[in-house]
4 protein chains.
Amino acid sequence: MDDHFHDECGVFGIFGAEESANLAYLGLHSLQHRGQESSGIVSSDGQQLFAHRAMGLVQDGFGPAVMDRLVGDRAIGHVRYSTAGAKADLKNAQPIAVDYAQGALAVAHNGNLTNFDHLRASLESEGSIFQTTSDTELLVHLIARSRQEELADRVVESLRAVQGAYSIVFLTPTQLIAVRDPYGLRPLCLGMLKDAQVVASEPVAFHLIGAEYLRDVEPGEMIVIDRAGLRSLRPFEPQPRKMCIFEYVYFARPDSTLSGVSVYEARKRMGRVLAEEQPADVDLVIPVPDSGVASAMGFARALGAPFELGLIRSHYVGRTFIEPAQSIRHFGVRLKLSPVRGLL
Amino acid sequence: MDDHFHDECGVFGIFGAEESANLAYLGLHSLQHRGQESSGIVSSDGQQLFAHRAMGLVQDGFGPAVMDRLVGDRAIGHVRYSTAGAKADLKNAQPIAVDYAQGALAVAHNGNLTNFDHLRASLESEGSIFQTTSDTELLVHLIARSRQEELADRVVESLRAVQGAYSIVFLTPTQLIAVRDPYGLRPLCLGMLKDAQVVASEPVAFHLIGAEYLRDVEPGEMIVIDRAGLRSLRPFEPQPRKMCIFEYVYFARPDSTLSGVSVYEARKRMGRVLAEEQPADVDLVIPVPDSGVASAMGFARALGAPFELGLIRSHYVGRTFIEPAQSIRHFGVRLKLSPVRGLL
Amino acid sequence: MDDHFHDECGVFGIFGAEESANLAYLGLHSLQHRGQESSGIVSSDGQQLFAHRAMGLVQDGFGPAVMDRLVGDRAIGHVRYSTAGAKADLKNAQPIAVDYAQGALAVAHNGNLTNFDHLRASLESEGSIFQTTSDTELLVHLIARSRQEELADRVVESLRAVQGAYSIVFLTPTQLIAVRDPYGLRPLCLGMLKDAQVVASEPVAFHLIGAEYLRDVEPGEMIVIDRAGLRSLRPFEPQPRKMCIFEYVYFARPDSTLSGVSVYEARKRMGRVLAEEQPADVDLVIPVPDSGVASAMGFARALGAPFELGLIRSHYVGRTFIEPAQSIRHFGVRLKLSPVRGLL
Amino acid sequence: MDDHFHDECGVFGIFGAEESANLAYLGLHSLQHRGQESSGIVSSDGQQLFAHRAMGLVQDGFGPAVMDRLVGDRAIGHVRYSTAGAKADLKNAQPIAVDYAQGALAVAHNGNLTNFDHLRASLESEGSIFQTTSDTELLVHLIARSRQEELADRVVESLRAVQGAYSIVFLTPTQLIAVRDPYGLRPLCLGMLKDAQVVASEPVAFHLIGAEYLRDVEPGEMIVIDRAGLRSLRPFEPQPRKMCIFEYVYFARPDSTLSGVSVYEARKRMGRVLAEEQPADVDLVIPVPDSGVASAMGFARALGAPFELGLIRSHYVGRTFIEPAQSIRHFGVRLKLSPVRGLL
């Protein structure tokens, strides 16, 4: 139950494109930095849902045979963060896909619900069963129990009950719904590829598939896409904006623009501000790659200090690794980072 | 939703044995003829449940690393029948393991519930969500919604609502419950291995692990096993016995004894009865292996006709197979059976 | 070096058929009882050789992507026996494919060469290197060192240097050569599929692909097949026939006919002879399946004793198996064979 | 035969360390940027060689079960470059391990032999067979045919016959030999880990295992390591130094020091020299990561132009990838590199 506190994942959705699952695959690949534990895609042809989820990177879990099954012109996808402590288990992979009274529904969620334990206990006391430890399953229970007729209304009613951060995409055979929490804690963007609508955690996902970035989904906004087109709803009370600072510092790719601010420029500016607030007397500025590079550049430039890439990051650090029995000092760091001798 | 009509699976349970998951593994191996699509084991150390499910044979899906995780002295297991039509999907593998208001619960089920659609629609109308198409998930919903305090009472209340065939084992951290439907449509047997209690679909599962066969679980009987020992309950109305004839004809292994009747002897007797009812004038009796061998022997012996093993079955017919593009007549049969020339 | 004493493998060759690799795949499947450790196919389009070898059953190691690469109208294949002691290693899989002065050559071999150690030491002393422990590699060295111009003459010269049992198929881009040792210790048969020539260790390989059995390759006979047709050569001194009795007793499938004698009938006859030579007073004859069934039938019939299939063989005994830590008596036998209670 | 022109691989050797295979594994991991197609390790306990080779990254191909087999205190390893054109095939993986008249021998080679075709044809004309298309197999043939008594002398005699670039490590049960070609075209370094001797293509391999860098193996130097210690031999004519410039530009890691020159500094200097030779009037310098970063920094600094990391490289570009059917412009580049909007 502990892994619903980790809230860095990636979501993607597309409606109205041939090869929607293929494009979701590429979109997830672009969002892979947001999660490497598991990947999943659910597509639809307007009649039913087709799902596949797998442990590991999207390129490892989705071969040609799998892709052939994921037919239809609409799809959502998810990459899940690899949390060291929590149990890596396929059953926690997303999107979750269920049948309930209104038919089939798939959900992919980036965020975490702070009143999860309370809501889950309450649902269990009314007879609900839980097959995963993710708060996404809780959302589905709330939607299934809602008495509203329209899916959009069910989603609104359910989300009014939860607290916390979320950027979520829902898919039924006929609708794709994307919604961002009222504080805007997690990013969510809207794009267009020919006639198709696209949503994704970061605009880098648009770049690879050749889609155009339109705008961020606003905090508290709900986008409903179906054959009739796209509707934007504002069902929640406005809240003060609280975009998570770690998106800029760590989670997002430097080539993404979130809330109109380039992550790369934001990082450089943080370095500059740091230099102004803490004007140190330094000989040399060396960043810890990758996320620290841009801020270190800003820091060095503001101080007029030389900047060198004195730590090299391995491209080949994977998840399974044979460690030597005999101790090697700072093995984990050595595995990932290596110094450029002479500089250090 | 169509695959809940296929009701040939194998179940196993053991309580009070070191290496319970290992013994479940061997028990499932012995029941592998009852299902090759997927295998699963859930064990417990008295505190929590440990689960693993995999597609394919038990020996393919459970390596040493998996077995190391399945700790504790109690376990249940399941092998699922490979149905040609239904979609082979890991999410339909059993045992199902869920959390609900009373804690953790795992279920393995052999049978089919004839009022499944009705019950499912009713549960969905009250807000239940379904992640699989199996009737086992429905059972768990019923148990979770029961207002009884004890698991045994919840199980009874739930099973009173269902119609159809079932031999089921339940596992919580503290209890193992085995129950057979009032008609006795599916087999279920009770055995003992030192101090441990064992249940299995067929007694062949006892042989491999060195357990002693005690008796069949009676139609309508519920066995509750915990630290306090074994209790036998009779919570259902007695019904006329209706052991499924296909267990003797096809499903069960010839070396099993069901309801006190040897499957091998039953098959021979069927052949003898056939010879008496249809006294044909035959030159030679050749069985279709494997299930037809014993009855053909009985048939030949009753007629005084020579018996020859004129068809040889391949040991190596698996599930994935490259078929030649050019047509070969009766390819599927040729792949499985081959004639002994000279006899045919 | 110890595994060249195990000489039960299966070989297959086909020349002049579309989808030759596919047909080799099916032929090897039919010969799978002769070897489960590894499988291999080499095909040719007349220009070059295309090879794939894999551990395990042919159906496990050859998927659609592999088969697509194995183009051409001629192919040879091999299944290798799983020897408990010798190291299972892909490098010992066959056919071996090499380049030498005359071009590309592939070899698949069933048998063992009794002067292997002597020949190998002699070749090594002249600078040869060995990458495997199989005597097949030795054959290739001999062929490469031969000063004859034609492949057939090189093969003859090489085989004159070796002693022991062999049924071998060679493939170059332009020729398929099949040869059987002068004693006829290992089986080899000739068949026809439309215009294509087929050779295989046992005629059961012809059945599945719809080929017609023509005759056995004679002891000491060499068959050379190319675009010009089929030539039969007799390059070796005639020797007394010494067909290995274990082919009838154990190796071959009962539905095969070797040297004009049905394996099934041979086994029954062995049982009959045993009954005549050792007229025991028995209550019941129970065979050890599978290879003992036919002889036990012959034995029981000659004695007038009842015959029962009192031991059931598991269809699911594979190669990797989790054994329980706690000892189970006669575990290996229990895993494979299970008694029909009441009979034993 | 075409892939012996690709000469960027990584080699590693260690003698006298517990867990030698484990340390080789880590060394190869550090050299993974030099080759991702296949990995291999051969170890020895002084009596025999133990080998494993696998396609892909070292962390993918070497699990705990494999490592357990690779016992002994000496080992060599190899990572092979993934060449787009040449056929990726396990049989071309290194180290090659063979038996010949003097016993067991394993070889791992970085380089290419320019007179390969000539030597191979000559060896084939004398009866040699080739199972791979690598020039490493040719080296082994030459060594096996040498009439010298000592391995070191055999190696020298063989290498005198070849032309081209090579850094090679040899392992027998009793000796490790490392040799670098007289021009020094490929790098090779010597280090020490407690009492163990270590050689590797680049010093980054020493860093991870905590070994100390001692010096480069000199061009034309042969290092012979056994229980008696380390000997340095100079068996070849001195030649003008010709370290391959691509090692600095592209192959080596920036944190390596080759021939006493830091790769990182060498790259920066190249940028500076470029700026001096081609003093362009630029607004902004943006490198193509990763190998272009340091030289772009040197270029920008020399010009006084701003430097920005305007192209972000994906960490998740693997080898198998589902491409969309509909065309996406410059898909390959988009997959690997993505621009920081606003800068470009």
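By what distance, in whole Å, do the Cα atoms of the range A:34-81 stretch along each of the three principal axes, largest value first?
31, 19, 12
Anyone know which of D:Arg147, D:Arg234, D:Arg186 comes out most mobile in the 10 Å Cα GNM of chain D?
Comparing D:Arg147, D:Arg234, D:Arg186 in the GNM, the peak value goes to D:Arg147.
Tilt of helix C:293-303 relative to the longest C-alpha principal axis of chain C, in degrees (0 to 90, nearest 10)?
In chain C, helix C:293-303 runs at an angle near 40 degrees to the longest axis.
Report, in deg cm²/dmol and to the nearest 500, the calculated mean residue ellipticity at 222 nm for chain A, where each DSSP H run with n ≥ 4 adds -39500 (n - 2.57) and the sum is divided by the residue count.
On the way: 10 runs with 91 residues, N = 344.
It lands at -7500 deg cm²/dmol.
Heavy atoms only, probe 1.4 Å: what % of the accessible area of the protein assembly as shown goes to carbon and sulfur, would you let me know?
The computed percentage sits at 51.
Report which residues of the range D:116-131 become buried by 50 Å² or more of accessible surface when going from the isolated chain to the complete set of protein chains (1.4 Å probe; DNA, RNA and ligands ignored).
Residues meeting the cut-off: D:Glu124, D:Gly127, D:Ile129, D:Gln131.
Please arrange C:Met243, C:Met222, D:Met270 by accessible surface area, largest first, computed with a 1.4 Å probe and ligands excluded. Spell out each step's value before the answer.
Working: C:Met243 35, C:Met222 0, D:Met270 65 Å².
Result, largest first: D:Met270, C:Met243, C:Met222.
Show log10 I(q)/I(0) for the range B:124-208 at q = 0.17 Å⁻¹, two decimals, from a solvent-free Debye sum over equal Cα scatterers.
Treating every Cα as an identical point scatterer, log10 I(q)/I(0) equals -0.82.
From the Cα gyration tensor of the range B:123-165, with a ≥ b ≥ c the square roots of its eigenvalues, which class applies: rounded if a/c is under 1.5, or else prolate if a/b is larger than b/c, or else oblate?
On the way: a/c = 2.04, a/b = 1.36, b/c = 1.50.
Cα axes put the range B:123-165 in the oblate bin.
Measuring with a 1.4 Å probe in the full set of protein chains, what accessible area per residue, in whole Å², belongs to the protein assembly as shown?
Working: 52970 Å² over 1376 residues.
Here the residues of the protein assembly as shown average 38 Å² of exposed surface.
Please list the radius of gyration and Dmax for the range A:249-344, considering alpha-carbon atoms only, with Å as the unit.
Gyration radius and largest Cα-Cα distance of the range A:249-344: 15.9, 50 Å.
What do you get when you divide the Cα radius of gyration of chain D by 2.2 N^0.38 Å, with N the number of residues?
1.05
Across the range B:151-166, in residue order, what do the Karplus-derived ³J(HN,Hα) couplings come to in whole Hz, using 6.51 cos²θ - 1.76 cosθ + 1.60 with θ = phi - 60° and x for Gly and Pro?
4, 4, 5, 5, 4, 4, 4, 5, 5, 5, 7, 9, 10, x, 9, 7
Can you give the angle from 0 to 90° between the axis of helix B:135-145 and the longest principal axis of chain B, with both taken from C-alpha atoms, to the nearest 10?
The two axes meet at around 20 degrees.
Output the direction-averaged projected area (hull surface divided by four) of the convex hull of the alpha-carbon atoms of the range B:32-121, in nm².
Details: hull surface 28.7 nm².
Value for the range B:32-121: 7.2 nm².
Quick one: Debye curve from the alpha-carbon atoms of the range A:159-274 only, equal weights, vacuum; give me log10 I(q)/I(0) at q = 0.10, 0.13, 0.16, 0.21 Å⁻¹ to two decimals.
Rounded to two decimals, the profile gives -0.31, -0.52, -0.77, -1.19.
Taking accessible area as the heavy-atom solvent-accessible surface of the protein chains with a 1.4 Å probe, which residues of the range A:202-230 lose no less than 20 Å² upon going from the isolated chain to the full protein assembly?
Those residues are A:His207, A:Leu208.
What is the helix-to-structure angle for C:116-125, meaning the angle in degrees between its Cα long axis and the longest Cα principal axis of chain C, kept from 0 to 90 and rounded to the nearest 10?
Here the helix axis deviates by roughly 30 degrees.
Regarding the protein assembly as shown, what is the average projected area of its C-alpha convex hull, in nm²?
Numbers: hull surface 226.4 nm².
The number I arrive at for the protein assembly as shown is 56.6 nm².
For the interface of chains A and D, what total accessible area is buried with a 1.4 Å probe, rounded to the nearest 100 Å²? Kindly include the intermediate steps, with their values, before the conclusion.
Details: alone 16810 and 16780 Å², together 28410 Å².
Interface area, both chains combined: 5200 Å², rounded to the nearest 100.
Please give me the summed charge of the neighbours of A:Thr174: other residues whose Cβ is under 13 Å from its Cβ, Lys and Arg +1, Asp and Glu -1.
On the way: positive: A:Arg74, A:Arg227; negative: A:Asp45, A:Asp73, A:Glu150, A:Asp226.
It works out to a net charge of -2.
Near the axis that takes chain B to chain A, which B residue has its beta carbon closest, and at how many Å?
B:Gln131, 3
Please list 3J(HN,Hα) in residue order for the range B:57-68, calculated via the Karplus relation 6.51 cos²θ - 1.76 cosθ + 1.60 where θ = phi - 60°; whole Hz, with x for glycine and proline.
5, 4, 6, 7, x, 10, x, x, 5, 5, 4, 4
Accessible area drop of at least 30 Å² (1.4 Å probe, protein heavy atoms): which residues of the range A:259-297 qualify, relative to the chain alone?
By number: A:Tyr264, A:Met297.
For labels at D:Asp60 and C:Arg241 in the simple 7 Å Cα→Cβ model, what's the distance in nm?
In this crude label model, D:Asp60 to C:Arg241 measures out at 5.4 nm.
Which pairs in the list B:Lys336/C:Lys336; B:Lys242/C:Lys336; C:Lys91/C:Lys242; A:Lys242/D:Lys336 are over 23 Å apart, alpha-carbon to alpha-carbon? Before the final figure, lay out the partial values.
On the way: B:Lys336/C:Lys336 21 Å; B:Lys242/C:Lys336 32 Å; C:Lys91/C:Lys242 31 Å; A:Lys242/D:Lys336 32 Å.
The answer is B:Lys242/C:Lys336; C:Lys91/C:Lys242; A:Lys242/D:Lys336.
Jot down the per residue volume, in cubic angstrom and as a whole number, of the convex hull over the alpha-carbon atoms of the range D:1-151.
Details: hull volume 16.1 nm³, N = 151.
So the per-residue Cα hull volume is 107 Å³.
Once the label point is placed 7 Å from Cα along Cβ, list for B:Asp281 the distances to the corresponding points in the other copies, in nm, shortest first.
Copy-to-copy label distances for B:Asp281: 4.1, 11.4, 12.1 nm.
Amide H to amide H under 5 Å from C:Phe307: which residues, 5+ apart in sequence or cross-chain, H placed 1.01 Å off N in plane?
C:Val285
The values are calculated or read from the model by the stated rules, or taken from the named source; none is laboratory data. Owing to the predicted nature of the structure, the values given are computational and were not obtained by experimental measurement. Ideal geometry is used to build each Cβ from the backbone, glycine not excepted, and the neighbour counts take in all protein chains shown. We work out accessible area using only protein heavy atoms, side chains counted, and drop any ligands, DNA or RNA first. Shrake-Rupley method; radii C 1.70, N 1.55, O 1.52, S 1.80 Å.
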